[in-house]
Amino acid sequence: MRLKKTVVLVGMMGAGKTAVGTVLAKRLAVPFLDSDAAIEKAANMSIAEIFARDGEGFFRAKESQVISRLLDDERGILSTGGGAFLSEANREMISERGVSVLLDADEDLLWNRVRHKDSRPLLRTADPRRTLQDLIAKRGPIYAQADLKVRALPHYAVTDTAEKVIEALLTRPDVLELEEA
């Protein structure tokens, strides 16, 4: 298989973007890129620390810069933070230079994956489950604008979800094509 455009994984926190992206990159023999990891490395602090010190607005501006740079660097699999796709400018940039794939997970699966993690600044509220529900309701229509959608199901192993992404990508010959032997 030959990847022609960078695949940008989008979706809610806990949808599996990093785990699926890592497996997908290995399967397609391309680099795995993570916008949150790149931001943390550049800032030498965690996303939560950036939010606390500089605010969400500052973080989102840096996130857009990093995504742009990663889209230009080389073709690969790019995992983005849950809020990255909310920006219209980011959606346009991703659409022009790559392809967006929504990892669509339901609330229960997301909650099971994020409830014990302290690394989610948006869930540091009095009622994190309610906050998650509100985020899903608000972000769902925006995530629905992704070029391709793949369901992340509780009974899927990470490799199963990665295979479903490959199946979806193969419907787009401008993104992924089978090479003849």
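Assorted remarks:
- Restricting attention to the stretch 164-181, the residues that are at pLDDT below 90 and crowded, with 18+ Cβ neighbours inside 10 Å add up to 0.
- Per-region count, the stretch 28-56, residues within 9 Å of ILE77 (Cβ to Cβ) and open to solvent by 50 Å² or more (accessible area, probe 1.4 Å): 1
- Of everything in the stretch 121-163 that is open to solvent by 80 Å² or more (accessible area, probe 1.4 Å) and part of a helix (DSSP H, G or I), the residue that is modelled with the lowest pLDDT is ARG130.
- Test result for VAL101, crowded, with 18+ Cβ neighbours inside 10 Å and either at pLDDT below 90 or not in a helix (DSSP H, G or I) (or both): yes
- Residue satisfying all of: in the stretch 1-27; under 28 Å from PRO141 (Cα atoms) and out of contact with any strand residue (DSSP E or B) (no Cβ under 8 Å at 6 or more places or on another chain); least open to solvent (accessible area, probe 1.4 Å) among these: MET13
- Remark: pairs (first residue in the stretch 110-129, closer than 22 Å to ARG60 by Cα and charged (D, E, K, R); second residue at pLDDT below 70 and open to solvent by 40 Å² or more (accessible area, probe 1.4 Å); Cβ separation under 9 Å; 6+ apart in sequence or on different chains) = ARG124/ASP118.
- If the condition is being of a type outside the set (Asp, Glu), open to solvent by 80 Å² or more (accessible area, probe 1.4 Å) and not in a helix (DSSP H, G or I), then the stretch 57-80 contributes only ARG75.
The values are calculated or read from the model by the stated rules, or taken from the named source; none is laboratory data. The structure presented is a predicted model; accordingly, all values stated were derived computationally and were not measured. Positions of Cβ are backbone-derived with ideal geometry, glycine not excepted, and every protein chain shown enters the neighbour counts. Please note that ligands, DNA and RNA were not included when accessible areas were found on the heavy atoms of the full protein model with its side chains. Shrake-Rupley method; radii C 1.70, N 1.55, O 1.52, S 1.80 Å.
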